[in-house]
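> Dropping the structure in here first, questions after.
Any read-out appearing in this document is the output of simple, stated calculations on the displayed coordinates, not a laboratory observation. These numbers come from a predicted model, not from an experiment. Glycine also receives a Cβ, built like all others from the backbone with ideal geometry; neighbour counts cover every protein chain displayed.
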Amino acid sequence: MLAYILVLLGVLSRYAVASHVAWLNFTAVGGSLLFFGARRSWREMLFPLAALIASDYCLTIFHYGYAFRWQAYIITWGWYVMAMVLGQILLHAKTTFVRGAASAILGPTSFFVASNYSVWAGNTFYPHTLAGLSTCYVAAIPFYRNDLLATSLTLTAAFGIEALLRKVREPQTSAEPGSA
């Protein structure tokens, strides 16, 4: 259940930061997808994908006031699936600090690389030269920083809450016989 709640928080976090430029990309999306992949089955991954696709549509149309072109989102939607798969691969069977840290770095880094390449290749904002590609990536560094921080905090909170809930649910062991 925690994985579903976290995805909903991830979706809602997109709306909370949509108007604040300094906080762009500081959302729980990456961490929630990694955690969902780590804790839920493959067949359940349609829910987060559908929720995020719907939020992409609503943000584009209603918040930003742009026309929605689904072709512009293929890379992003593919990354949503990839993030859940990464969580499944790195964190499902065995969750350790190193695996968690690797997913907290690989998730945002893969999104940074794929999404900014897509922006450079699919638009005329930057010239289609190596210098234009470099400029595109440099301009996105603040978004990458926010994504790294948000993903790390989200994963830390999710696994921390999970561990706390597990500890609370464990039956309390009584004192050993004869130790009074």
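> On the principal axes of its Cα set, how long, how wide and how thick is the stretch 108-177? Give whole Å, largest value first.
Dimensions of the stretch 108-177 along the principal axes of its Cα atoms: 76, 17, 14 Å.
> In sequence order, what are the phi-derived ³J(HN,Hα) couplings for the stretch 27-36 according to the Karplus relation 6.51 cos²θ - 1.76 cosθ + 1.60 with θ = phi - 60°, rounded to whole Hz, with x for glycine and proline?
10, 8, 5, x, x, 5, 5, 4, 5, 4
> Now a separate question. Can you give the calculated 222 nm mean residue ellipticity of the chain, where each DSSP H run of n ≥ 4 adds -39,500 (n - 2.57) and the sum is split over every residue, rounded to the nearest 500 deg cm²/dmol?
One gets -23000 deg cm²/dmol as the mean residue ellipticity at 222 nm.
> Which number do you get for Rg(Cα) / (2.2 N^0.38 Å) in the stretch 76-135?
The reported ratio for this selection is 1.42.
> Angle check, please: helix 97-122 long axis (alpha carbons) against the longest principal axis of the chain (alpha carbons), in degrees 0 to 90, nearest 10.
Helix 97-122 and the main axis of the chain meet at about 10 degrees.
> Further question on the same structure: Highest GNM mean-square fluctuation, the chain, Cα pairs closer than 10 Å: which of 142, 48, 127?
Looking only at 142, 48, 127, the largest GNM fluctuation is found for 127.
> Also: What Kirkwood hydrodynamic radius do you get for the stretch 1-148 when you take the inverse of the mean 1/r over all pairs of distinct Cα atoms, in Å?
It is 15.9 Å.
> So for each of 118-124, 40-46, 162-168, 86-92 I average, over its residues, the number of other beta carbons within 10 Å; can you give me the resulting order with the highest mean first?
86-92, 118-124, 40-46, 162-168
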